[in-house]
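Participant: Have a look at the structure that comes next, please.
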Amino acid sequence: MHLRYRLMPAVFLAGLLCHAGAARAGEVLPKAEEILDKFVEATGGKAAYEKIHNEKVTGTFEFVGKGVKGAMTNYRAEPNKMYMRIDLENIGAIEDGTDGETAWTLSVVQGPHIKTGEERAVSLREATLRAPLEWRKLYKNAETAAVEDVNGQACYKLVLTPNEGKPETQYYDKKSKLLVKMSVTVVSQMGEIPTETTVSDYKEQDGLLSPRKSHHTVLGQEFEITINQIEYNTEIPNNRFDLPAEIKALAAK
Amino acid sequence: MRSLRIVAVALVSSALACAQPPLTAEQKRLNLESFEFVWSTIRDQYWDPTFGGIDWTAVRDEFRPRIMRAATMAETRTLMSQMLERLGKSHFAIIPSDIYGDLDAREESGTASAGFDVRVIENHALVISVQEGSPAALQGVHSGWEILSIDGTDLAPRIEKVAGLYRNSTTRELYLARSVLGKLAGDEGSLAQIQFRDGSGARIVKEIQRIRPQGSLAKFGYLPPSYVWIKSRKIGGDAGYLAFNLFLDPARLMPEFGNAVHYFAECAGIIVDLRGNPGGLGIMAMGMAGWFIDKPDQRLGTMYTRQAPVKFALNPRPPVYHGALAILVDGCSASTSEVFAGGMKDLGRARIFGTRTAGAALPSAIDRLPNGDALQHALADYISEGGRTLEGVGVIPDVEVKLTRDALLAGHDPVLDAAIEWIHAQK
């Protein structure tokens, strides 16, 4: 669950990437559901996930080598509510969220946008708090496609086909069982743009392991998110997931 | 802005043909290394992986032996340029080490301005506006005055040289203006001795103190800080007028732009003046357009990158302004200005007044080569919503109106006047 929001900045730019691959000669690949279930175990187990009802994540966001950075705050609550805000220096705020029904983005530069179709489906999926437990609800198919190296580590490459949207590719470390890389094409109003994300620096919080760093590549640009703090079952304002006035105005048209 | 410099250098590089001494073994090695860099950069980064049907590997096989046999730097550059020409696109060039930077005199000489703006009209450098309250204004400098020399340098040969260099380029007006503005720029507080031809035709000399450019200093990442200003006022009775010098500083500019549009809600029309605006952040054009369009799923155009096409999508920003929209452009309107003007024209949402824009819309980069030269290469292609390329073509106004010395001396802005007249006719 706590991995998905790291894709959200990439959703602004859109995109996903699929790599072809093949199993190593003679290797029998485990089923995807086995790998996904082991990931849940490796990161804390079903019981630990079920104790979580909401989360607040704070961190930093930086375009690599561009000198553009900012602060990020992300709230999520069960079952699939989300609000994220990135305040980029000299650019302004970028907000993204869903109340579980309406998915939207709002920025000082581009204005308000209500997501529909595949774009909305991606947002709702990414907002799902306990996504690792609920992948069977979110994806209609999951297959183990190959074993590939990611940063020198042998990984299972899984292709997950969501109920709505394009297939996603995820890479799970054979030894640690942890997710280390994702290739996703998120459809947005700006098009279908491939993105690639690697995650690292897993740390434990309240019995759950989650990565504290992610590195994203979108349209040749690279950005990094560093998580400074994760709070589970924290106090979140009642109106945190309400639609902003600009989105309400747009919806009323 | 950087892309504009790149265009200039690209054109200059093709003019190189002077005789040079034979190459040393080390220079030949570096040239071959540079050739490989150029070829592989295009292979890896050109937005169209099919190279428009060209066999890029075969191109390497053809040119590599010729580069190895090249006897001079000029021959080497010519061969590499010929290789790039096979792509048939602008914004690709080899920039000789001794030329790169020559067209960016402003950066070298300081950023303070003389307090007035300039265009070169029919090979005459004319003052087109004077900053209110500036030393130039206090000394009586007036729109329409011709600048004859700056600090003892006669402008005529400089203008002739640049005009000749860009005679076939849509960027001609842009670089003519830049060549004069670069000469006028200097350190804040320094004096520029300028010889003018005033309205009566008399030659007069003024010592003008250079001042900090208008606006607020804006930073964006590691780019050099730039002064950004935005102005708005009601004009012509019932029209709103908006002008800004760069698509930068979005945290300040976007709210100010939006507030101005809302303030003009009851006006018969709004005029967005992009004359002299060299562009900036493309995403700001999308955001600004949102205040003028009310239908979702519209876009200004599409940028084609190696990874994917990126639609310049528009988000309606209620309350949307539905009145007449005029956009003013000239040959110094470039990049994001062209994306905005061209897209709004294609959508049928705006009427464009002025002269053809610079036709310099592509994002591009410069990479230094091992031999000291540089490679200029575009990172993407851009097609406006009407299916037209802007690069090398520019945005053609619906109503072409040119500035003249007589109009400027009379205190008129014929481009603005035409837009106001059109707005009045829409009522």
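Participant: If you add up the charges near B:Ala70, with Lys and Arg at +1 and Asp and Glu at -1, over every other residue whose beta carbon is less than 12 angstrom from its beta carbon, what do you get?
Facilitator: +4
Participant: Loop-only chymotrypsin sites (Phe, Trp or Tyr not before Pro) in segment B:138-241, please: DSSP not H, G, I, E or B, and at most 13 other Cβ atoms within 10 Å.
Facilitator: Passing sites in segment B:138-241 are B:Tyr222.
Participant: What is the gain in length, in nm to one decimal, between B:Lys231 and B:Asp187 on full extension, counting 0.36 nm per residue of separation less the C-alpha to C-alpha distance?
Facilitator: This chain segment gains 13.3 nm when fully extended.
Participant: Also: Which of B:Asp297, B:Asp249, B:Asp417 moves most in a GNM of chain B, Cα contacts under 10 Å?
Facilitator: Among B:Asp297, B:Asp249, B:Asp417, the largest GNM mean-square fluctuation belongs to B:Asp297.
Participant: Related question: I want to verify the translational diffusion coefficient of the protein assembly as shown in µm²/s; compute it with Stokes-Einstein, Rh as the Kirkwood radius over Cα pairs, at 4 °C and 1.567 mPa s.
Facilitator: Rounded, D is 47 µm²/s.
Participant: If you don't mind, there's one more thing I want to ask. For the pairs A:Lys175/A:Lys203; A:Lys51/A:Lys174; A:Lys157/A:Lys177; B:Lys89/B:Lys219; A:Lys66/A:Lys166; B:Lys345/B:Lys402, note any where the Cα-Cα span goes beyond 21 Å.
Facilitator: A:Lys51/A:Lys174; B:Lys89/B:Lys219; A:Lys66/A:Lys166
Participant: May I ask for the net charge around B:Tyr241, where only other residues with Cβ less than 11 Å from the Cβ of B:Tyr241 are counted and Lys, Arg are +1 while Asp, Glu are -1?
Facilitator: So the environment of B:Tyr241 carries a net charge of +1.
Participant: Moving on to the next point. Within chain B, what's the longest stretch lacking GluC sites (Glu not before Pro) that sit in DSSP loops with no more than 14 other Cβ atoms inside 10 Å?
Facilitator: Result, exposed sites excluded: B:267-427.
Participant: Right, next: Helix A:117-127 against the longest principal axis of chain A: what's the angle in degrees, Cα atoms only, rounded to the nearest 10?
Facilitator: So the helix axis and the longest Cα principal axis differ by about 80 degrees.
Participant: Just to confirm a number: summing +1 for Lys and Arg and -1 for Asp and Glu over residues other than A:Glu50 whose beta-carbon lies under 14 angstrom from that of A:Glu50, what do you get?
Facilitator: -2
Participant: A follow-up question, please. Measure nothing but the geometry: give the 0 to 90° angle between the long axis through the Cα atoms of B:2-14 and the longest principal axis through the Cα atoms of chain B, rounded to 10°.
Facilitator: Rounded to the nearest ten degrees, it is 50.
Participant: Calculate, in whole percent, how much of the Cα-Cα pair population of chain B lies beyond 43 Å.
Facilitator: 16
Participant: Rounded to the nearest 10 degrees, what's the angle between the helix B:73-85 long axis and the longest principal axis of chain B, both from Cα atoms, 0 to 90?
Facilitator: Roughly 70 degrees between the two axes.
Participant: Between A:Leu209 and A:Glu41, what is 0.36 nm times their sequence separation minus the Cα-Cα distance? Round to one decimal in nm.
Facilitator: Length gained between A:Leu209 and A:Glu41: 59.5 nm.
Participant: May I pose another question? Can you spot the aspartates and glutamates whose alpha carbon is less than 13 Å from A:Lys38's alpha carbon? Ignore those fewer than 8 places along the same chain.
Facilitator: Here the aspartates and glutamates satisfying the reach criterion relative to A:Lys38 are A:Asp173.
Participant: Beyond 19 Å, what share of the Cα-Cα pairs of segment A:139-253 is found? Please give it as a whole percent.
Facilitator: 63
Participant: From the cross-link list A:Lys31/A:Lys213; A:Lys140/A:Lys213; A:Lys248/B:Lys295; A:Lys115/A:Lys213, which pairs have alpha carbons spaced over 18 Å apart?
Facilitator: A:Lys31/A:Lys213; A:Lys140/A:Lys213; A:Lys115/A:Lys213
Participant: Considering only B:Gly201, B:Gly115, B:Gly240, give the residue with the highest GNM mean-square fluctuation for chain B, with springs between Cα atoms whenever their separation is below 10 Å.
Facilitator: With Cα springs under 10 Å in chain B, the top fluctuation among B:Gly201, B:Gly115, B:Gly240 is at B:Gly201.
Here, each number is a calculation from the coordinates, and none is a lab measurement. Source: prediction; values computed, not measured. Don't worry about glycine lacking a Cβ; one is built from the backbone with ideal geometry, like all the others, and counts go over all protein chains shown.
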